[in-house]
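Report on the structure given below.
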Amino acid sequence: MANPVLNARTRQSTGKGAARKLRRNNQIPAIFYGPNRESLMLAMDYPELEGIIKQSAWENIIIDLKVKSDGGTQTWNAMLKDLQVDPIKDTYLHVDFYEISMDKEITVPVPIHLLNTPLGVEEGGILQHVRREMNVSCLPDKLIEALEVDVSQLQIGDSVHIRDIALPEGITCLDEENLTVAVVAAPTVEPEVEELEEEELEEGVEEEVAEGEEGEKKKADEEKAEVEPESSKESSGKPGKEKGGKGKS
């Protein structure tokens, strides 16, 4: 598959003001550098760059960078080294391109994609994607967009490590082979938690009822204590004033 071609031109103006002017004209500022060359300040059409980036993972795109300058037009093999994005507008602000040689190995991170649903997940387990990239070394023409791993046969407790991933010919893994890529974890025991919460709730209700009953009993005792003296006074009466006494004989 042929590398995508990206047209660019050299620019002399630098700084924030110059960069803003380029963006207003639907262009984007960029820089091109490499191990054995001087840096070039570039500008390119925003839609053209956006179209290439959206084709695949931009970190692993090899581009034929076609640069026009006062001395003519020249093409180099390059990779996107860095891409600055506006966090609010989600638009590209600046791009770094790095020159590569097609006959020299490069070191890059390759995304790891998990395919299918594990058997353990169907039984209630949880798939955890622990490591999402693998660092590899290869010639530029051997570079792949992503590594695909089938996890459909994983049971609860099973895991995938770096050593379990088969690599295409010409690609060397640079990571430790015992690193975990994915694991199907056991489900969280929710019923016990809910049962515990219900027990705590019932205990709380019982305590509230007991406190309420105790309060009502105390109030009743206080009211009874207030009523009893008055009742005793009425029943005893005053000396010499008792009703129904005998008359004079």
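Bear in mind these aren't lab numbers, they're just calculated from the coordinates by the rules spelled out. Here the structure is a predicted model, which means the values were calculated and not measured. We place every Cβ from the backbone using ideal geometry, glycine too, and count neighbours over all the protein chains shown.
Cα gyration tensor of region 54-105, axes a ≥ b ≥ c as square roots of the eigenvalues: rounded (a/c below 1.5), prolate (a/b > b/c) or oblate?
On the way: a/c = 2.70, a/b = 1.43, b/c = 1.89.
It is oblate, given that a/c is not under 1.5 and a/b is not larger than b/c.
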If R0 = 51 Å, then Thr14 and Thr188, at their Cβ-Cβ distance, give a FRET efficiency to the nearest 0.05 of 0.40
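Round to the nearest 0.05 the FRET efficiency obtained for His94 and Ser152 when R0 = 30 Å and r is the Cβ-Cβ distance.
Working: r = 42 Å, r/R0 = 1.39.
The formula returns an efficiency of 0.10 here.
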Hits in region 76-96: amide N under 12 Å from the 7 Å Cα→Cβ extension of Glu133, namely 81-83
Expressed in µm² per second, the diffusion coefficient of region 107-185 from the Stokes-Einstein equation, with Rh the Kirkwood radius over alpha carbon pairs, at 25 °C and 0.890 mPa s, is 188
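Between Asp45 and Asp175, 0.36 nm times their residue separation minus their Cα-Cα distance comes to what? Please list the in-between numbers first.
Numbers: separation 130, 0.36 × 130 = 46.80 nm, distance 3.76 nm.
Gain in length upon complete extension: 43.0 nm.
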Region 5-100: relative contact order from alpha carbon pairs under 8 Å, six or more residues apart, as a whole percent, is 31
Going through Lys16/Lys142; Lys68/Lys142; Lys21/Lys89; Lys21/Lys104 one by one, the pairs whose alpha carbons sit over 27 Å apart turn out to be Lys16/Lys142; Lys68/Lys142; Lys21/Lys104
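Given a cut-off of under 8 Å on Cα pairs at least six residues apart, what relative contact order in percent is computed for region 107-185?
Value for region 107-185: 42 percent.
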For region 36-126 the trypsin sites (Lys or Arg not before Pro) that pass both the DSSP coil test and the at-most-13 other-Cβ-within-10 Å test are Lys54, Lys89, Lys104
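Return a whole-number percent for the relative contact order of region 70-130, with Cα pairs under 8 Å and 6 or more residues apart as the contact set. Can you show the working numbers first?
On the way: 43 pairs, mean separation 14.2, N = 61.
RCO, region 70-130: 23 percent.
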Distance in nm between Ile52 and Asp103 label points, each 7 Å along Cα→Cβ, equals 2.4
